[in-house]
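Structure, as structure tokens:
The values are calculated or read from the model by the stated rules, or taken from the named source; none is laboratory data. Remember, it's a predicted structure, so these values are computed and weren't measured experimentally. Note that each Cβ is placed from the backbone with ideal geometry, even for glycine, and that neighbours are counted across all protein chains shown. With ligands, DNA and RNA removed, areas are computed over all heavy atoms of the protein, side chains included. Shrake-Rupley method; radii C 1.70, N 1.55, O 1.52, S 1.80 Å.
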Amino acid sequence: MMGTEVIKLIIGIGDTLVGRLLLYDSLRMSFKDVKVRRNPGCELCGDSPTLTELVDYEAFCSVDLPSAEPEQDNVAFEISGPELKKVLDTGRPVTLLDVREPHEWEINRIDRAQLTPLSQFESFIPKLNPEDEIYLYCYKGKRSMTALKKLQDHGFQQLKSLSGGIDGWAEQVEPSMPRY
Amino acid sequence: MESKLSSDEIQRYSRHLVLPEVGMAGQEKLKAAKVLLIGAGGLGSPLGLYLGAAGVGTLGIMDDDVVDVTNLQRQVAHSTPNVGRPKVDSMRERIEEINPEVKVETYDVRLSRDNAPEIFAKYDIVVDGSDNFETRYLVNDAAFFAGIPLVYGSIFRFEGQISVFDPKRGGPCYRCLYSNPPPAALVPN
């Protein structure tokens, strides 16, 4: 469709998508055609533009949510793949939680882990014991930290999140594990 | 009658030439056109192949990435033996195989505010097949300053959106639609 638009613009035929946004949902197989008007207040192409040259786009796009917490706060609650391997190898009774979603669990998982998807994490919390030593992991280490904070809010204390997630684990600890 | 198309080209594009909306005049416009593709990934792959096959005379391809095995399931310009090679090289070879009449210019660099003005000045149309907001805003602004239309598309999972931004013809730009990027924490990586 983008290609057709290019060709129409070059040859000068048909009606292009200038002034329209076409939305496509391939699961419902539906198309929506939304009118987009020129914004007279647009910083770039409006009536009194304030942007007169290219800017720093990384800075422009790196605006964070005010609630986002700095990453260094998290480091104390992280454990590396090799460290986690050592813990698991001792054979002591620890709880290992995989907070990814079921379709990811189907692809790969760490032995001894139990599936507690972040999307339903609250429902698993009452089943966990605050006295236990709990390790959490996800794909890259972000969701497991979110889950860890939820457990902290419920008074859990012995918590670690696997830094780099199962993807880092596959790379550093278990090279035979399939990656995605 | 003198034609800007060779006999070989007339034969190659005959299924275009018999369409009254295209014809010889349209095909000659395609041959004279210079189109810049930003990104040789999921969107850029089919675009490059289709535009090259259709006879766009000059195709610029910009991407600083190399082919990864996880790209192959959707980035159809790249093939298994090309894993590890620059995407622009992989795509240039594929387009030249399909249509040797096309002049392919490759840019194995990331688009930046420094290189954008000079590169955009060489093209009539830019097509954004990038996968991040920094590049999308940069492409929009650079296209505006260069005075060329921008064909925009983006995909997330099963949903896509397409538009053409052409403020020079009275249309809106990407910033008219989205004046600010989403907060970084909400951007899927």
Item to check | For the protein assembly as shown, projected area of the alpha-carbon convex hull averaged over all directions, nm² | outcome: 22.6
Checklist entry - By how many degrees, 0 to 90 and rounded to 10, does the Cα axis of helix B:87-98 deviate from the longest principal axis of chain B? => result 20
Next on the checklist: Given the whole protein assembly as supplied and a 1.4 Å probe, what does the accessible area of B:Arg113 come to in Å², nearest 10?
Outcome noted: 110
Next on the checklist: Taking a ≥ b ≥ c as the square roots of the Cα gyration tensor eigenvalues, with a/c under 1.5 meaning rounded and otherwise prolate when a/b beats b/c, else oblate, which class fits segment A:2-61?
Outcome noted: prolate
Checklist entry - Among B:Gly171, A:Pro117, A:Tyr180, which residue has its Cα positioned farthest towards the positive end of the charge dipole of the protein assembly as shown, with +1 placed on the Cβ of Lys and Arg, -1 on the Cβ of Asp and Glu, and the dipole taken about the Cα centre? => result B:Gly171
Next on the checklist: Using only DSSP helix segments of four residues or longer, with each worth -39500 (n - 2.57), what per-residue ellipticity at 222 nm results for the protein assembly as shown after dividing by its residue count and rounding to 500?
Outcome noted: -8500 deg cm²/dmol
Checklist entry - What is the Cα coordinate range of segment A:72-172 on the first, second and third principal axes, sorted by size from largest, in whole angstrom? => result 32, 30, 28
Next on the checklist: Taking 2.2 N^0.38 Å as the expected size of a compact globular protein, what ratio does the Cα radius of gyration of chain A give against it, to two decimals?
Outcome noted: 1.53
Checklist entry - Considering only protein heavy atoms, what is the solvent-accessible area of A:Asp73 at a probe of 1.4 Å, reported in Å² to the nearest 10? => result 80
Item to check | Segment A:Glu131-A:Ser48, length gained on full extension (0.36 nm per residue, minus Cα span) | outcome: 23.6 nm
Next on the checklist: Can you compute the modelled spin-label distance between A:Ser26 and A:Gln158, with each label point 7 Å from Cα toward Cβ, in nm?
Outcome noted: 4.7
Item to check | Net charge dipole size for chain B [Lys, Arg +1 and Asp, Glu -1 on Cβ; Debye, nearest 20] | outcome: 380
Item to check | Relative contact order [Cα under 8 Å, 6+ residues apart], segment A:72-172, whole percent | outcome: 34
Item to check | Helix B:133-146 axis, angle to chain B major axis (alpha carbon atoms, nearest 10°) | outcome: 50
Checklist entry - Taking the Cα centre of chain A as origin and charging only Cβ (+1 Lys, Arg; -1 Asp, Glu), how large is the dipole, in debye to the nearest 20? => result 600
Checklist entry - With every protein chain left in place, what is the accessible area of A:Lys150 in Å² (1.4 Å probe, nearest 10)? => result 60
Checklist entry - Does anyone have the angle between helix B:23-32 and the longest principal axis of chain B? Alpha-carbon axes, 0 to 90°, nearest 10? => result 50
Checklist outcome for this item: Cα-Cα longer than 20 Å, checked against A:Lys140/A:Lys160; A:Lys32/B:Lys168; A:Lys35/B:Lys122; A:Lys85/A:Lys149, kept in input order, equals A:Lys32/B:Lys168; A:Lys35/B:Lys122; A:Lys85/A:Lys149
Item to check | Projected-area mean, chain B, by convex hull of Cα positions, square nanometres | outcome: 12.3
Item to check | Candidate residues A:Trp169, A:Trp105: accessible-area rank, largest first, probe 1.4 Å | outcome: A:Trp105, A:Trp169
Checklist outcome for this item: Among B:Gly44, B:Ala142, A:Gly164, the residue whose Cα sits farthest towards the positive end of the charge dipole of the protein assembly as shown (+1 at Cβ of Lys and Arg, -1 at Cβ of Asp and Glu, taken about the Cα centre) is B:Gly44
